[in-house]
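First up is the structure itself, then whatever we jot down about it.
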Amino acid sequence: MTSDVYGIFGAGGNGSELLPILQENFNKSKDKDKKIFFIDDHTSKKSFHHIKVIGRDKFKTLDAKKKKIIISMADSKIRESIYRDFLDDADFINLISKDFIISSSSEVGFGNTIAQKCIVTSGVSLGNFIQLNINVSIHHDCLLEDFVTIAPSVSIMGNVQIGAHAYLGAGTIVKQGINIGAGSIVGMGSVVVKDVPENSLVFGNPAKVRDLK
Ligand SMILES: CC(C)(COP(=O)(O)OP(=O)(O)OC[C@H]1O[C@@H](n2cnc3c(N)ncnc32)[C@H](O)[C@@H]1OP(=O)(O)O)[C@@H](O)C(=O)NCCC(=O)NCCS
């Protein structure tokens, strides 16, 4: 095989939502030689949404001009482990919906997935391997570090900083100027009005630190 091959890691819900975004980009590029696979070692499915599912080892041995990886898993630690595993073998592309609105003064790293109806305004820095799910808005001068995961319909006001591997649940609203610590989890529907400590769980309106153990 001498064409490029695209691997979507994770034959699950987010993978199924990312596939049409990838296919839409293909249709635009007119490049008919590219091939898509789902990569998943934890399913018995042979195909998913009419796309062949193969294991990680099989993907490694595929003969391709270039392997291009998209990681759909919401678990940021899994995203990081895949990155480390394929560091020397593949490109980690940005998979971005064509309706994405971003200011020219904002920047996006690599390995990110950005679903439909997302808006990023001015002076925003998005790191690498970030997931922006559907309908996320990020306002001016925010910083999102690597491996951050943002669930659907989250609104992040200006000057917010979000540390690596943090997770923001669906529908969360973050007040301007807030710091959300690395590795923290913000439950769905939260209104975050105070800084969130690293590796903590917060939820509610207003969001408060919770200990569910
Ligand atoms: C916060 C969260 C991580 C906690 O998950 P969990 O540890 O499994 O917690 P549980 O579901 O066992 O709930 C524990 C308690 O917290 C409450 N709770 C959980 N999440 C809550 C939330 N977001 N807001 C308010 N209360 C919440 C539950 O009602 C329960 O209360 P109880 O003890 O009085 O019955 C989870 O509820 C959440 O919000 N995940 C994000 C989901 C999401 O955004 N998915 C998007 C997919 S794309």
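Comparing mean-square fluctuations of G55, G15, G169 from a GNM of the chain with C-alpha springs under 10 Å, the top value falls on G55.
Within segment 2-93, the proportion of Cα pairs with more than 21 Å between them is 25 percent.
Sequence neighbours fewer than 8 away in the same chain don't count; with that in mind, list the aspartates and glutamates whose C-alpha is under 14 Å from K60. Excluding near neighbours in sequence, the set is D4, D40, D41, D85, D88, D89, D91. Between helix 13-29 and the chain there is an angle of about 60 degrees, using the helix long axis and the longest principal axis of the Cα atoms. Neighbour counts of other Cβ atoms within 10 Å put M188, M157 in the fewest-to-most order M188, M157.
Taking Cα pairs under 8 Å and at least six residues apart, what relative contact order does the chain come out at, in percent? Taking the mean separation of contacting Cα pairs over the length of the chain, I get 11 percent.
When the pairs K77/K194; K98/K175; K68/K98; K45/K65 are compared against a 24 Å limit on Cα-Cα distance, K77/K194; K98/K175; K45/K65 fall above it.
Here the residues T149, T61, T43, ranked from fewest to most Cβ neighbours within 10 Å of their Cβ, fall in the order T61, T43, T149. Each part reduced to its alpha carbon centroid, segment 85-102 and segment 36-81 end up 14 Å apart. Here the simple spin-label model places points 7 Å from the Cα toward Cβ, and for A74 and E107 these points are separated by 3.1 nm.
Antiparallel beta bridges, as assigned by DSSP with both residues in the chain, represent about 10 percent of the total such bridges. Between A90, A11, A166, the GNM of the chain built on Cα springs shorter than 10 angstrom shows A90 fluctuating the most. Compared with the dominant Cα axis of the chain, that is its longest principal axis, helix 76-86 is turned about 40°.
Shown for R79, R210: other C-beta atoms within 10 Å of each C-beta, ranked fewest to most, produce the order R210, R79.
A short reminder: the numbers here are calculations on the coordinates, not readings from a lab. All figures in this text were calculated on a predicted structure; none of them were measured in a lab. Note that each Cβ is placed from the backbone with ideal geometry, even for glycine, and that neighbours are counted across all protein chains shown.
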